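A.B. asks: Take this structure first; my questions come after.
The values are calculated or read from the model by the stated rules, or taken from the named source; none is laboratory data. Keep in mind that this is a model prediction, so the values were computed, not measured. We place every Cβ from the backbone using ideal geometry, glycine too, and count neighbours over all the protein chains shown. Accessible surface is based on the protein model in full, side chains and every heavy atom, while ligands, DNA and RNA are left aside. Shrake-Rupley method; radii C 1.70, N 1.55, O 1.52, S 1.80 Å.
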2 protein chains.
Amino acid sequence: MAPMARAMARPGGRSARVQQAVHDAVHALEAEVGRGALTVPLIAARAGVTPSTVYRRWGDLRELLSDVAVEHLRPETDPADHGELAADLAAWAEQFLDEMDSPPGRSYLRDALLGDPDGDNAGRCSAYAAEQIDVVLRRADARGERRLPDVETVLDQVVAPMMYRILFRPGGLDPAYARRLAAACVAGDRQ
Amino acid sequence: MAPMARAMARPGGRSARVQQAVHDAVHALEAEVGRGALTVPLIAARAGVTPSTVYRRWGDLRELLSDVAVEHLRPETDPADHGELAADLAAWAEQFLDEMDSPPGRSYLRDALLGDPDGDNAGRCSAYAAEQIDVVLRRADARGERRLPDVETVLDQVVAPMMYRILFRPGGLDPAYARRLAAACVAGDRQ
């Protein structure tokens with residue numbers, strides 16, 4: 001089998017390498033020339049691909065930056081295990097708020113929403129949060145903790161208020177607020 | 001006093017007229033040429049002002065569209081009075097979701113957030129919701145209803161989950177969801 005045919009038979013491999021190279025180029029150029037000077041041809045040249053590869057895959061610069069932003073928002077580790085749900089959820093909420101409400105977090109959130117006409121990237125942000133909450137809840141279940149909220153309830157009662165305030169109502173966002181939301185959710189009335 | 005001096009002594013009057021003319025021009029041109037073809041010079045010409053007036057006041061096209069979007073999101077009437085808090089809040093939440101989750105509502109929300117580097121426009125959206133909730137709560141208080149939530153609690157428990165899902169987790173948003181959030185908030189444990 002010719003090398004070219006091999007490469008085409010594994011599109012995932014090449015595709016993943018292109019994605020990594022382009023994301024790396026965005027990071028490097030953001031640091032070097034600043035966000036406002038980024039262009040698709042500049043990014044493509046740095047990544048060693050053609051501009052049409054970037055346009056074909058991402059659509060335009062804004063969608064590319066949205067994709068890069070969502071990658072930044074992906075959690076790198078499972079939530080810490082503090083031995084009980086109340087502590088796990090409070091610590092996770094506090095860390096989530098700290099990251100999302102930071103200047104880079106706000107900027108990534110904005111990019112994720114902005115270059116995302118079909119809502120897929122924003123959906124990935126929410127899926128990341130849901131996965132982390134699922135880990136915390138499964139752990140609590142495995143410990144034998146009872147009357148657990150479900151993932152959607154935690155999203156409504158803990159994640160949503162923090163995200164709403166970050167985007168629409170800044171001010172008063174502190175670790176105590178995150179912990180209060182988590183505590184109220186864990187203590188919530190459930191049948 | 002010369003007419004010119006009179007006009008300069010009432011900057012609010014001229015300022016309000018310019019704002020109205022420019023907003024009207026955006027609406028008319030959106031309908032005629034479509035959103036993608038809007039430019040500041042085109043809008044300024046239609047509004048009968050110079051492009052520099054637009055740039056000076058709004059910064060750029062995106063900020064202007066953000067300002068226009070927030071005006072669209074401003075409620076035109078007080079929430080309906082159904083005689084008790086639970087009914088008032090459920091009906092208000094249902095209407096809020098219906099408006100914000102519609103295609104124009106989503107588009108305005110997006111514009112409001114995106115052309116808003118300092119968060120002022122998004123803050124106005126939240127202030128509109130807070131004012132409406134305040135009307136509902138004051139009415140309940142005047143009726144003698146007790147154990148009322150406060151405005152911030154209603155924002156966290158009713159508005160935030162709807163807005164979070166509209167932006168980050170579409171699907172499953174129906175009137176029953178809005179009513180369920182309102183009912184849980186009214187029934188919530190409070191000292």
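A.B. asks: What ³J(HN,Hα) values, in whole Hz, does the Karplus curve 6.51 cos²θ - 1.76 cosθ + 1.60 give for the stretch B:39-47 when θ = phi - 60°, with x put for Gly and Pro?
C.D. replies: Coupling constants for the stretch B:39-47: 9, 4, x, 4, 5, 4, 4, 5, 7 Hz.
A.B. asks: Still on this structure: From the convex hull of the Cα coordinates of the stretch A:36-85, what is the mean projected area in square nanometres?
C.D. replies: Mean projected area of the Cα convex hull: 5.3 nm².
A.B. asks: Follow-up. Which of the GluC sites (Glu not before Pro) found in the stretch B:117-191 are loop residues per DSSP with 15 or fewer other Cβ atoms within 10 Å of their Cβ?
C.D. replies: Taking the stretch B:117-191 and a limit of 15 other Cβ atoms within 10 Å, the loop GluC sites (Glu not before Pro) found are B:GLU145.
A.B. asks: Between B:ALA130 and A:ALA45, what is the FRET efficiency for a Förster distance of 45 Å, r being their Cβ-Cβ separation, to the nearest 0.05?
C.D. replies: Approximately 0.40, to the nearest 0.05.
A.B. asks: Also: Find the centroid of the Cα atoms in the stretch B:35-110 and in the stretch A:79-133, then give the distance between the two in whole Å.
C.D. replies: The distance from the Cα centre of the stretch B:35-110 to that of the stretch A:79-133 comes to 27 Å.
A.B. asks: Can you tell me the orientation of helix A:85-100 relative to chain A, as the angle in degrees between its alpha-carbon axis and the longest Cα principal axis, to the nearest 10?
C.D. replies: 40 degrees
A.B. asks: Which one of B:ALA45, B:ALA69, B:ALA178 has the biggest mean-square fluctuation once chain B is modelled by GNM with Cα springs under 10 Å?
C.D. replies: Evaluated over chain B, the most mobile residue of the options is B:ALA45.
A.B. asks: Enumerate the residues in the stretch B:23-65 having an amide nitrogen under 20 Å from the point lying 7 Å beyond the Cα of B:ARG14 toward its Cβ.
C.D. replies: B:23-25, B:44-59
A.B. asks: Let me ask something else. Mind jotting down a quarter of the surface of the convex hull over the alpha carbons of the stretch A:76-187, in square nanometres, one decimal?
C.D. replies: Over every viewing direction, the Cα hull of the stretch A:76-187 projects on average to 6.9 nm².
A.B. asks: Follow-up question, since we're still on this one. Using just the helices of the protein assembly as shown, give the 222 nm mean residue ellipticity in deg cm²/dmol: DSSP H runs with n ≥ 4 each add -39,500 (n - 2.57), and the total is spread over all residues, rounded to 500.
C.D. replies: That comes out to -22500 deg cm²/dmol.
A.B. asks: While we're here: Give the residue from B:VAL159, B:LEU85, B:TYR128 lying farthest towards the positive end of the charge dipole for chain B; charges sit on Cβ (+1 for Lys and Arg, -1 for Asp and Glu) and the dipole is referred to the Cα centre.
C.D. replies: B:TYR128
A.B. asks: Do me a favour and compute the ellipsoid semi-axes for the stretch A:112-162 from its Cα gyration tensor, root of five times each eigenvalue, largest one first, whole Å.
C.D. replies: 27, 11, 7
A.B. asks: Take chain B, connect every pair of alpha-carbon atoms lying under 10 Å apart with a spring to form a Gaussian network, then pick out the residue of B:GLU63, B:GLU32, B:GLU99 with the largest mean-square fluctuation.
C.D. replies: Per the Cα network of chain B with a 10 Å cutoff, B:GLU32 tops the list.
A.B. asks: Sticking with this one: Once the label point is set 7 Å along the Cα-to-beta-carbon vector, what list of distances in nm do you get between A:SER52 and its counterparts in the other copies?
C.D. replies: 4.4
A.B. asks: Then there is this: So what does A:PHE96 come to for accessible area, using a 1.4 Å probe and Å² rounded to 10?
C.D. replies: 20 Å²
A.B. asks: Over the Cα atoms of the stretch A:42-120, what radius of gyration and what Dmax do you get, in Å?
C.D. replies: Reported Rg and Dmax, both Å: 16.6, 51.
A.B. asks: Averaging over every viewing direction, what projected area does the convex hull of the Cα atoms of the protein assembly as shown cover, in nm²?
C.D. replies: The number I arrive at for the protein assembly as shown is 26.3 nm².
A.B. asks: Also: Could you sort A:HIS27, A:HIS82 by their accessible area in this structure, using a 1.4 Å probe and putting the largest first?
C.D. replies: A:HIS82, A:HIS27
A.B. asks: A further question follows. Only four residue types carry charge here, +1 at the Cβ of Lys and Arg and -1 at the Cβ of Asp and Glu. Report the dipole size of the stretch B:77-187 about the Cα centre in Debye, rounded to the nearest 20.
C.D. replies: Dipole of the stretch B:77-187, to the nearest 20 debye: 380 debye.
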